[in-house]
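The structure appears right after this line, and notes come after that.
The values are calculated or read from the model by the stated rules, or taken from the named source; none is laboratory data. Everything numeric in this text was worked out from a predicted model, so none of it was measured. In this analysis, Cβ positions are derived from the backbone assuming ideal geometry, glycine residues included, and neighbour counts consider all displayed protein chains.
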Amino acid sequence: MSVKLVLLKVLGALATLAFVVVFNFFLFRVVDSDPVANLFRGRNLTQEQRQELRQQFGLDGSKLHQFGAYLEQTAKLNLGRSYISNEPVSEEIWSRAWPTIALVGVSTLLSTIFGVMMGIAAAWKRGSKTDYGSTVFTMATYSMPDFWLGILLLVTLGVSLGLFPVGGMTDPGSDATGLALLLDQAHHMFLPAVTLTVAYLGEYAIVMRSSLLDTMREDYLTLARAKGLRDIAVRNRHAVPNAILPVITLIAINFGFVLSGAIAVETIYSWPGLGRLTYDALNGPDLPLLQGLFLVFSAAVIFFNLVSDLLYAYLDPRVRTA
Amino acid sequence: MSTAQVTVSGRRVTWQRRRRALAAAWRQFRHSVPGMIGLVALLLIVAMALAAPLLADESDLRAINAVDNPRWATPSEFPPLGTDNFGRSVWAQFVWGSRISLLVGLAATAIAIVVGAAVGISAGFFGGWFSAVLMRITEWFLVIPFLPLAIVLAAVLGPSVQNIILVIGITSWPVTARVVRAQVLSLKERLYVERSRALGASSRHLMSRHVLPNVSPLILANLTLTVPVAILSETTLSFLGLGDPTRASLGKMLEEAYSAGAVTRNAWWYYLPPGLGVMAIVLAFVLIGQALEEILDPRLKERRS
Amino acid sequence: MSGPMSTEPFLSVRDLTVTYPGGVTAVRGVSFDLEHGETLGLAGESGCGKSTVAGALLRLLPRGTTVTGEVLLDGEDVLTMRPGRLRAVRWEEMSIVFQGALHTLNPVRRISWQIEEAVITHRPSTPRSGLRTRTIELLDVVGIPKSRVDDYPHQLSGGQRQRVLIALALACDPRLLIADEPTTALDVMVQAQVLRLLEDLQRDLGLAMLFITHDLSTLASVCRRLAIMYAGRFVEEGPAHDVFAAPTHPYTVALAAAFPVIGDRRFRMAPSGLGGDPPDPRELPSGCPFHPRCPRATEECVSWTPELLSVGAGRRAACLHPGGGP
């Protein structure tokens, strides 16, 4: 895999990101033609004060001028100030990023493991009850809204049985540190993580199953059997390594998407991540925050698409040594 | 035989052929158990949606009219599905909400399919830089994560049924475009070798008379699989508060249930039915869609079973 | 299981019948013996069942396939072996060389890994260094240089892949090698190389070999005995040279007549002057399945159940009108 190829892919990703940045600007300018009015709602300002504020925020001048200012600020990672909290958007996003990454990370790990296992079992024993059961399961989980599943889990395990907390990331008022804190957080993460895991498990199972079924037709499996290998060894040492390549790229791509896909689930569980932040921003509407979040979410998708692309090129020896 | 007669019988032959192909496809569909289950379910759901005025009074949806009703009544206290925190009939909300959800899902899909098919067909047909530009735009749309884009658009355009339909339609067309374009590309090989261009047919004629009918089955299958996505999207957007506040939808029911505290009260009659309703509609379309796909591409059938 | 050469044949196949899950009977009562170190060629058009015979010997046919008869390897019936015994016998006693298409080898594993896997499966106590030495040695025997030992299959040419498959088949010192169309997908020059390699190996290692092909011209030098298959049955068998020089079954006659001059390469075995196509295994003609295409067919042939009849020293043919000439 040549350096030139890698560079090309990276440049492509940056180009897409550039488009998103531009799009972001125009999208929000359509909405918010007078951010100053919005920002200082409910306060009586004179015309001069307004004009001065506009100047401060770089909102005077032509659209082109504003666009230039926007580009310059974005490059410096200055995403404006939140209407609601008046804190810099970048700081708001940064402080809430880690809970989301942790939640999505854990869920992705679990849904991948279980989804792949289910897909392998379903494909290897095609037509059996295992296969049928897995199809029913994936169809059911696909057709339910993920936050509705969250509500159900919340009600049964959280409210009725009281096994798990119903919101937040830590117990309010607790000042635990270190391991105790981590355990508390894990306790709080359990339900949202299970919700997201179940929601995305089906997709991995379907792709793995499909990929393995294709692989199962190949001649090298017959050769592996002829060599005297056990059935399980044929499956795990020959079939799965080939079949899992598309799944791995899917995982990487999905990670980028799920970061923003967890908005509803985070809301249900009051999980203090980017999703919940988006929901709160919606109720403003806190437009600079929304604008910043949109940029971050899109950047995440673009980044992980790139990662997935490069990963596949590296993992498949046919591409790597081309 | 005059040329006019020749043209007519030519077209008749084509239609006869198409009708026979349709009949054969229907026969095949009838054999698919999941497909038939989906179809029956869908017919029941549509029937319920159309019969909404008969099943529940629309005025029951207004909180004003529900002042005399008990609050948070269970289904046994207030059949058939109890009441919410305002005393409104949950059953009425469910029936009318399903109607809206179905409507939004179908309308948004219609937009997505029309735009997607148009882009896909023209990109596949014309090729060259035109296609390259279109596909670049399509790819770009696919990279933007759905929920943030939908949220932003919904926030920009304001909450109303039409806007939600528009938002979902705008974010869903790229998948259709990609699938249709691939199909058109493979069709193009066949068509050009066969005829028409040599006979001087215009591009428009080719596209409407030849490409479109051949791509239609694929578009239909894609449609039945896009509706679930649209409905799930509507549910999520409504839940997040971006839906039309004046109309009930299944997603809105969930939003109101959640914010009214149905969770802590365990008012299952309020949060369970809407979710089940969404599941039912989505499953119906998925089952039909899979059966259609198998008819189109028999290889899928042996892979799935 | 290495005893002195006994009087019993090494491989004895009795009345092998194979029916695929769809109901198609591809092999109908095939019987033959193979001595230690002997080479038997199996020739026939596509669809005659020869590759199915190969698959049946190692029980590699798809799930749901019905296999009846006996496959006696040194007296033990492969068809009734328990799974553990079967796995031990596979590759150690009998191995198979498939056609070297791109996906016959696992595309994401190095060829050295694939050979080492065969060795370690049957000799688990082999040390790492021993595995490595053995792999290099095997590949060297087939003419793959040490520098290519860690390549991936897609990095090799068709001919090289075929040779890797041969090296792989020899990994556990089998006593029987089944070669299923080993040269079919290769160019002329490469074919000749691979054939020569197989001949040399067979001679040097004393391997018994079952050589399956649709191309008669390759069997002349490699095999001592020859069997011709048609519609799932043997229609002629005997010493290779004799069968070529004086074919008795009309099908063999047609094939022999199409026998190309040495050096002249014909890819498809399209017997000259023989009209029609091989029969559909689901709808065989009555009596002798060859009768619709046979120049010597008579009324009797339409109702005669074919069986192999002696037509000379060590030779048999399933025909009511055997004899030389068309």
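Close Cβ contacts (under 7 Å, 6 or more residues apart or on different chains) running from residues in the range A:197-214 that are assigned to a helix (DSSP H, G or I) to residues that are among the basic types (Lys, Arg) comprise A:Ser210/B:Arg303; A:Leu213/A:Arg126; A:Leu213/B:Arg303.
Criterion applied to C:Cys294, C:Cys319 was being touching a helix residue (DSSP H, G or I) at 6+ places or on another chain (Cβ under 8 Å), farther than 20 Å from C:Val27 by Cα and surrounded by 13 or more Cβ atoms within 10 Å (Cβ to Cβ), and the one residue passing it is C:Cys294. Candidates B:Leu61, B:Leu134: the one that is within 20 Å of B:Val278 (Cα to Cα) and of a type outside the set (S, T, N, Q) is B:Leu61.
With respect to the conditions (1) closer than 27 Å to A:Pro172 by Cβ; (2) free of Cβ contacts under 8 Å to residues at least 12 places away in the same chain, A:Pro317 lacks only one, and its number is (1). Exactly one residue out of C:Val119, C:Val108 is at pLDDT 90 or above, within 8 Å of chain A (Cβ to nearest Cβ) and more than 26 Å from C:Val188 (Cβ to Cβ): that is C:Val108. For the range A:112-151, filtered to residues that are more than 25 Å from B:Tyr270 (Cβ to Cβ) and among the β-branched types (Val, Ile, Thr), the residue that is surrounded by the fewest Cβ atoms within 10 Å (Cβ to Cβ) is A:Val136.
From the residues in the range C:129-161 that are in contact with a Pro (Cβ under 7 Å, 6 or more places away or on another chain) and in a helix (DSSP H, G or I), which one is surrounded by the fewest Cβ atoms within 10 Å (Cβ to Cβ)? Quick ask: steps written out before the conclusion?
The first filter runs over the range C:129-161 and keeps only residues in contact with a Pro (Cβ under 7 Å, 6 or more places away or on another chain), leaving C:152-154, C:161.
Adding the requirement that they be in a helix (DSSP H, G or I) leaves C:153-154, C:161.
Values: C:Pro153: 24, C:His154: 16, C:Arg161: 23.
Checking each candidate, the answer is C:His154.
The numbered conditions (1) under 23 Å from B:Ala108 (Cα atoms); (2) surrounded by fewer than 17 Cβ atoms within 10 Å (Cβ to Cβ); (3) at pLDDT 80 or above; (4) not basic (Lys, Arg) are all true for B:Ala132 except (1). Count of the range B:136-150 residues, restricted to those that are at the interface with chain A (Cβ under 7 Å from one of its Cβ atoms) and either touching a residue at least 40 places away in the same chain (Cβ under 8 Å) or not aromatic (Phe, Trp, Tyr) (or both), is 5. B:Trp15 fulfils the conditions (1) surrounded by fewer than 12 Cβ atoms within 10 Å (Cβ to Cβ); (2) in contact (Cβ under 8 Å) with a residue 40 or more places away in the chain except for a single criterion, (2). Per the conditions (1) surrounded by fewer than 21 Cβ atoms within 10 Å (Cβ to Cβ); (2) modelled with pLDDT of 80 or more, the sole criterion not satisfied by A:Thr100 is (1). Considering only the range A:301-315, I want to know if a residue exists there that is charged (D, E, K, R) and farther than 22 Å from A:Ser85 by Cα. Checked the range A:301-315: at least one residue is charged (D, E, K, R) and farther than 22 Å from A:Ser85 by Cα.
Sub-6 Å Cβ pairs linking a first residue in the range C:48-72 that is closer than 19 Å to C:Ala208 by Cα to a second residue that is surrounded by fewer than 23 Cβ atoms within 10 Å (Cβ to Cβ) and among the basic types (Lys, Arg), at least 6 apart or interchain, are C:Glu70/C:Arg14, ordered by first then second residue. Taking the range C:73-90, which residues are touching a residue at least 40 places away in the same chain (Cβ under 8 Å) and exposed (fewer than 14 other Cβ atoms within 10 Å of the Cβ)? If the condition is that a residue be touching a residue at least 40 places away in the same chain (Cβ under 8 Å) and exposed (fewer than 14 other Cβ atoms within 10 Å of the Cβ), then C:Gly75 is the only one that fits.
With C:Gly49, C:Gly69, C:Gly64 as the choices, which residue is among the small types (Gly, Ala, Ser), under 21 Å from A:Thr215 (Cβ atoms) and more than 10 Å from chain A (Cβ to nearest Cβ)? From the options C:Gly49, C:Gly69, C:Gly64, the qualifying one is C:Gly64.
When you look at C:Gly55, is it in contact with a Leu (Cβ under 6 Å, 6 or more places away or on another chain), within 23 Å of A:Tyr220 (Cβ to Cβ) and crowded, with 21+ Cβ neighbours inside 10 Å, yes or no?
Numbers: in contact with a Leu (Cβ under 6 Å, 6 or more places away or on another chain): yes; within 23 Å of A:Tyr220 (Cβ to Cβ): yes; crowded, with 21+ Cβ neighbours inside 10 Å: yes.
Taking the combined requirement at face value, the residue satisfies it.
Could you grab the pairs with beta carbons closer than 9 Å, sequence gap of 6+ or different chains, first residue in the range A:154-170 and within 12 Å of chain B (Cβ to nearest Cβ), second one polar (S, T, N, Q) and part of a loop (DSSP other than H, G, I, E, B)? Listed pairs, sorted by first residue: A:Val155/B:Asn266; A:Val159/B:Asn266; A:Ser160/B:Asn266; A:Val166/A:Ser270; A:Gly167/A:Ser270.
With the requirement that a residue be of a type outside the set (D, E, K, R), part of a helix (DSSP H, G or I) and either facing chain A (nearest Cβ under 9 Å) or over 15 Å from C:Leu57 (Cβ atoms) (or both), what does the range C:80-105 give you? C:Pro83, C:Gly84, C:Leu86, C:Ala88, C:Val89, C:Trp91, C:Leu102, C:His103, C:Thr104, listed by residue number. Highlighted here are the strands (runs of 3 or more DSSP E) found entirely within the range C:162-260 that include at least 2 residues which are touching a residue at least 12 places away in the same chain (Cβ under 8 Å) and within 28 Å of C:Pro292 (Cβ to Cβ): C:208-213, C:225-230, C:233-239.
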